[in-house]
Amino acid sequence: LSYASPKETFDTNVGGSVNVLEQVRCCSSLRSVIYVTSDKCYKNKEWIWGYRENDELGGHDPYSASKAAAELVFASYQSSFFQHRELFGAASVRAGNVIGGGDWAVDRIVPDCVRALQQDQPIELRFPAATRPWQHVLEPLSGYLLLGRRLWEDPRAFAGAWNFGPGDEAIRTVEQLTRRFIEVWGKGTITGTANTFKPHEAGKLTLNCDKARQLLGWRPQWNFDRTVTETAEWYRHWSNGEDVAAISHAQILRYMEGLGHD
C-alpha cells in the first residue's frame, strides 16, 4: 500500500507521530509512554544476524522509510523535551512480524490466507521464500506493558529503544507459515502471485532482543507452531460465527498462564 499511496504513508507515520508526541509534550500528568514503530525502521542489509536497537535506521520503500523517520521524530522529542522531564519515561518499541486474530489489513499474509480459504481460492504468495520472525500479537503486547511499568518505576533506566521478537525457532519463511496455517485450518492450497508488479520487500529481517531479555526479563511464551495454531483457530472460530470476544479472552488467559512476571 505504501507504494500505491506514498504521501499518505508519510503523512500518517510521520505527521501522525508528531501529533501524538505533541500531545505527550503538552500533557504534564503523563508518567510513561510506549511509542510503537516497526522492525522495518532498520536499514535492511539482509544480515543473517538480528538488528540491535542502535543499528542504522533507514528504508527502501515508503513504509520502511516512514517508520525510520518516525524514530527520528521520537529521538528529537526525547532529546528536546522528554529526557529532562521529572518522573517521566518514554520508549520506542520495535516488534518482529506480528500475527494474531482480528487483523484484516490488506497485503498481510494471515488475512490474505483467511480471505482465500473462505472463498475456496488458492493462497497467493508474493515472496514465499522471504524470512520473518513470526510472533503472536500477545507477545510484544506483554513486553510493552512490562516496559511501561518499568518506565513508571525508573524512567531514566528504561527510556530509549527496545526490540521485541521471538527466538530463532520462530524465524520461518512465508511459505512455511502458510503451510502451517493450512494444516490447522484443515484445507487450502498455495500458488504464486499472478501480479506482475512485485515491489521490493526485504528477503530476511530479524531482530536481536537481548536487551529486553536481559534488562526486562521478558521472554516469548509461544513457539512457532503454537503461535500459528492460536492464530488460525481464532479465525476458524470467527468463521464459524462464534463469540470472538470470548475466544480472545480465553486466549489471553492461556497466554498469561506462562508469564514469569505479574
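Rule-based calculations on the coordinates, nothing more; no lab input. It should be emphasised that the depicted structure is a prediction, and the values quoted were computed from it without experimental measurement. Because the Cβ atoms are built from the backbone with ideal geometry, glycine has one as well, and the counts that use them run over all protein chains shown.
For the chain, the longest principal axis of the C-alpha atoms and the axis of helix 16-26 are separated by about 30°. When region 1-88 is described by a simple charge dipole with +1 on each Lys and Arg Cβ and -1 on each Asp and Glu Cβ, the residue from ILE34, SER66, TYR51 located farthest towards its positive end is ILE34.
With respect to the chain, whose longest principal axis is taken over its alpha-carbon atoms, helix 224-239 is tilted by about 70°. For TYR42, the residues 5 or more places off, or on other chains, whose built amide H falls under 5 Å of its own are GLY58. Dipole magnitude for the chain: computed about the Cα centre from +1 point charges on Lys and Arg Cβ and -1 point charges on Asp and Glu Cβ, it is near 380 debye.
All Cα-Cα separations within region 1-145 were binned at 10 Å from zero, giving a P(r) of 10, 33, 37, 16, 5, 1, each value a whole percent of the pairs.
With the convex hull constructed from alpha-carbon coordinates only, the chain shows a mean projected area of 14.4 nm² over all directions. What net charge is computed for the residues neighbouring VAL184, neighbours being all others with C-beta under 14 Å from the C-beta of VAL184, Lys and Arg scored +1, Asp and Glu -1? Charge balance near VAL184 sits at +1. From its DSSP helices (H runs of at least four residues, each -39,500 (n - 2.57)), the chain gives a residue-normalised ellipticity at 222 nm of -12000 deg cm²/dmol.
Going toward the positive end of the dipole of the chain, with +1 on Lys and Arg Cβ and -1 on Asp and Glu Cβ, which of GLY258, GLY217, ILE182 do you reach last? Working it through, the farthest residue towards the positive pole turns out to be GLY217. In terms of packing, defined here as the mean over residues of other Cβ atoms within 10 angstrom, the peptides 8-16, 70-78 line up highest first as 70-78, 8-16. In the chain, what percentage of the DSSP-assigned beta bridges are antiparallel, given to the nearest 5? Expressed as a percentage, antiparallel bridges in the chain total about 20.
Across region 80-87, rounded Karplus estimates of 3J(HN,Hα) from the backbone phi angles (6.51 cos²θ - 1.76 cosθ + 1.60, θ = phi - 60°) give 7, 10, 9, 5, 9, 7, 5, 6 Hz, Gly and Pro being marked x. Find the all-direction average of the projected area of the Cα convex hull for region 136-260, expressing the result in square nanometres with one decimal place. Computed as one quarter of the Cα hull surface, the answer is 10.2 nm². Computed over neighbours whose Cβ is under 9 Å from that of TRP162, the net charge equals +1, Lys and Arg +1, Asp and Glu -1.
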